[in-house]
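Trainee: Dropping a structure here in structure tokens format, bear with me for questions.
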Amino acid sequence: MCRIAMLKMELIFIMNIEVSIMKVEDKSLLVRLMELYNYEFTQYDNADINEYGYYGYPHIDDYWNEEGRFPYLIRVDGKIAGFALICPHCLYSSEKNAHCFGEFFIMFKYRGKGVGKYVATQLFRNHPGTWEVCYMQNNLPAGKFWKKIISEYTNNHYEIHGNEKEEMHGFTFRNA
């Protein structure tokens, strides 16, 4: 848990941020949060819902069945604020036991307040080794966010991957 104080227009806001591993009993919550995430993400991937009104996510069960996957729930002041999914399937790193964010979602209400930065750096620390963070080229806010976080976290010791012809771009670094 972390307490972050923010100064905005001479008011101080204190947030308690919790990042906790999700239990299998939380799977239905993750499914619902993933729908919110996928809905928002359609501005980048143009996905459609299925005949049942869901976007779906094919890897939900994998987060409780596959080694190297970690589903995290994010809460701010006790309220659900998002999730982070760590997996070992990287696009640019072939190193064994590398980590990457399968998905990373902070709800609008909590963006721009340091929540995403705190969560990302906490998870980087909790999972030492090689890291890869990817984003879709047309998701400019994600690219800006990750470049800033990774630059600060690594003191500019990271590699950039992808070019204008590739759909995915990314960063790799070690934090051992």
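Every number here is computed from the coordinates shown, using simple stated rules; none is lab data. The structure displayed is predicted, hence computed values, not measured ones. We place every Cβ from the backbone using ideal geometry, glycine too, and count neighbours over all the protein chains shown.
Trainee: Normalised radius of gyration for the stretch 21-75, please: alpha carbon Rg relative to 2.2 N^0.38 Å, two decimal places.
Mentor: Computed over Cα atoms of the stretch 21-75, the ratio equals 1.20.
Trainee: Of all trypsin sites (Lys or Arg not before Pro) in the stretch 79-164, which ones are in loop regions per DSSP and have a Cβ with at most 13 other Cβ atoms within 10 Å?
Mentor: Those that pass, being in a loop and sparsely packed, are 96.
Trainee: If you put +1 on each Lys and Arg Cβ and -1 on each Asp and Glu Cβ, how big is the dipole of the chain around its Cα centre, in Debye rounded to 20?
Mentor: 900 debye
Trainee: Pick from 88, 58, 71 the residue whose mean-square fluctuation is largest in a GNM of the chain, springs joining Cα atoms under 10 Å.
Mentor: Looking only at 88, 58, 71, the biggest GNM fluctuation is shown by 58.
Trainee: Would you tally the net charge around residue 124, using a Cβ to Cβ cut-off of less than 15 Å, leaving residue 124 out, and scoring K and R as +1, D and E as -1?
Mentor: In short, +3.
Trainee: For the stretch 1-150, compute the number of Lys pairs whose alpha carbons are separated by less than 19 Å, excluding pairs fewer than 8 positions apart on the same chain.
Mentor: Summing the qualifying lysine pairs gives 16.
Trainee: If you stretched the chain out fully between residue 126 and residue 36, how much longer would it get, using 0.36 nm times the residue separation minus the C-alpha to C-alpha distance?
Mentor: Extra length available between residue 126 and residue 36 comes to 29.8 nm.
Trainee: To make sure I understand, if each residue's beta carbon is the centre and we count other beta carbons within 10 Å, what order do 169, 161, 89 fall in, fewest to most?
Mentor: Result, fewest neighbours first: 89, 161, 169.
Trainee: Answer with one residue from 158, 76, 30: the one whose Cα lies farthest towards the positive end of the charge dipole of the chain, charges on Cβ with Lys, Arg +1 and Asp, Glu -1.
Mentor: Result: 76.
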